Amino acid sequence: MGVAPAIRSHVSVGCLVAAAATLAACDSRNAYVPPPPPKVTVAAPLERNVTVYLEATGNAAAVNSANLVARVAGFVESINYKDGDAVKKGAVLFTIEPETYKLKLDQSKAAEQSAQATVTQTDLDFERQSTLAKTNAVSKSVLDSSVAARDTAHANLTQAQINTRLADMNYGYSSVTAPFDGIVTARTVSVGEYVGATSSPTVLATIVQLQPIYVNFNVSEQDVIRIRETMRQRGLTPQDLKKVPVEVGLQTEEGYPHKGMLDYAAPQVDQSTGTLAARGVLENADRALLPGNFVRVRVPIGGTLENALLVPETALGTDQGGRYLLVVGKDDVVEQRKVEIGPLEGTDRVITKGLAAGDRVIVEGLLRAVPGQKVDPHTAAAAK
């Protein structure tokens, strides 16, 4: 019985020692260990010579577009195309009671022949009366009547000839033809419908020319000044503008796959917008461009940027101060670098100011990079 307290005391001391050891171990595991720097991919800027382009946005527009209207009144007798057909110039698309206008033309021709016969008769009568008047065989009043009859007959013939020409024109208008090669829209009338009776012409359909096609765009006043200076230095005239190529791309396309030539530049800058209107013309052989399409345009304006620095367009950021890149600097610390940009070359953007050839630009992992903090950079090619 006397040994039990000693045993309990020994056990208590052992427990205290074990508890102290456990607490020490817990303190060691709870010590703060900073996370490793985030991994990012960096690349040096690509160096190469770059052609200087003027970049703009614009819209495609039809070279020709016209409403097909009824120029004579009558019932639509036939519609000779299917909605959306491609047609050639001169193709008959609608007919409006042509037989009616053919009969009116024949009637006018008959009236003209009658007037011609009257002219022949009055001319002969005038000659006869003139001969008789020289020998005083007829009175002057008879001669005057002959002159009046002759002049009236000539006037009636002129009127009859005019009526024939008008009837012939109306007969021609009874067939509505394509004024140029193009695509015809859906018809707005049906066979048997009466058209052309209102004060304004009845629109039957619209025809649109798609080949070639215009691309309209605007150039800023600063670019106009720069282009004019380049032209002056190279000895180019305004007529040489039509020799300048134009490259166009749709919003869903990469690059500028559609090629054409500059067709027009306005002679003055619009004071309200500070821009100058310009236009390119493209063959559009595959009809990839449609009137109204929003397009990207670029025009080479001469000159080359020697050893230009290019980085992926996706590496650029934007804030209130403008465009910037994230660059890994000394001790692998991220730096936000303000830059000025130049033209886009495929998926790469030219950097004209704020970047050096040896800089390490972050091209992947941008969301993990924070200016002023360290990163774990891994090198990759800047462009392919």
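No lab work stands behind these numbers, since they all come straight from the coordinates. The shown structure was predicted, so the numbers you read here are calculated from the model rather than taken from an experiment. Methodologically, a virtual Cβ is constructed for each residue, glycine included, from the backbone with ideal geometry; neighbour enumeration extends over all protein chains shown.
Details
- Directionally averaged shadow of region 321-365, computed from the convex hull of its alpha-carbon atoms, nm²: 3.7
- Ordering of 313-320, 213-220, 64-71 by packing [mean C-beta count within 10 Å, highest first]: 213-220, 64-71, 313-320
- Bridgeable lysines around Lys330 (alpha carbons under 28 Å apart, same-chain partners fewer than 8 residues away excluded): Lys39, Lys338, Lys353, Lys374, Lys384.
- Between Ala197 and Lys134, the simple spin-label model (points 7 angstrom out along Cα→Cβ) gives 6.2 nm.
- Fraction of antiparallel bridges per DSSP, the chain only, in percent to nearest 5: 95
- Crossing angle, helix 221-234 versus the chain [Cα axis fit, 0-90 degrees, rounded to tens]: 80
- Between 0 and 90°, nearest 10: helix 4-29 axis offset from the chain longest Cα axis: 30
- Sorted largest first, the spans of the alpha carbon positions of the chain along the three principal axes are 185, 68, 35 Å.
- Rg ratio (alpha-carbon, reference 2.2 N^0.38 Å) - region 231-293: 1.33
- DSSP-loop trypsin sites (Lys or Arg not before Pro) across region 247-349, with at most 16 other Cβ within 10 angstrom: Arg287
- Set of aspartates and glutamates near Lys243 by C-alpha distance (under 19 Å), chain-local residues within fewer than 8 positions excluded: Glu55, Asp223, Glu229, Asp263, Glu283
- 13 Å beta-carbon shell around Ala315, net charge (K/R +1, D/E -1): 0
- With the simple spin-label model, which puts each label point 7 Å out from Cα in the Cβ direction, the Asp151 to Arg48 separation comes to 8.7 nm.
- Under 24 Å from Lys89, Cα to Cα: lysines that are on another chain or at least 8 residues apart: Lys102
- Residues listed by number, region 197-220, amide nitrogen under 19 Å from Asp181 label point at 7 Å toward C-beta: 207-215
- Of Phe294, Pro45, Gln116, farthest towards positive along the dipole that unit charges on Lys, Arg, Asp, Glu beta carbons give the chain: Pro45
- Summing charges over neighbours of Val184, with a neighbour being any other residue whose Cβ is under 15 Å away from its Cβ, gives +2 when K and R count +1 and D and E count -1.
- Counting only Cβ charges, +1 for Lys and Arg and -1 for Asp and Glu, the dipole size of region 105-223 around its Cα centre is about 520 debye.
- Surrounding net charge for Arg71, when Lys and Arg each add one and Asp and Glu each subtract one, Cβ distance under 14 Å: -2
- Seen against the Cα atoms of the chain and their longest principal axis, helix 98-134 is set at about 40 degrees.
- Paramagnetic label reach from Ala73 (point 7 Å along Cα→Cβ; backbone nitrogen cut-off under 13 Å): within region 171-211, residues 194-202.
- In range of the label at Lys374: residues from region 320-361 whose backbone nitrogen is under 20 Å from the point 7 Å along Cα→Cβ: 327-336, 360-361
- R0 of 22 Å, Cβ-Cβ distance Arg287-Glu254: FRET efficiency to nearest 0.05: 0.65
- Thr347-Tyr32 FRET efficiency (beta carbon distance; Förster radius 51 Å; 0.05 resolution): 0.75
- Sites Ser190 and Asp144, calculated FRET efficiency, Cβ-Cβ separation with R0 56 Å, nearest 0.05: 0.40
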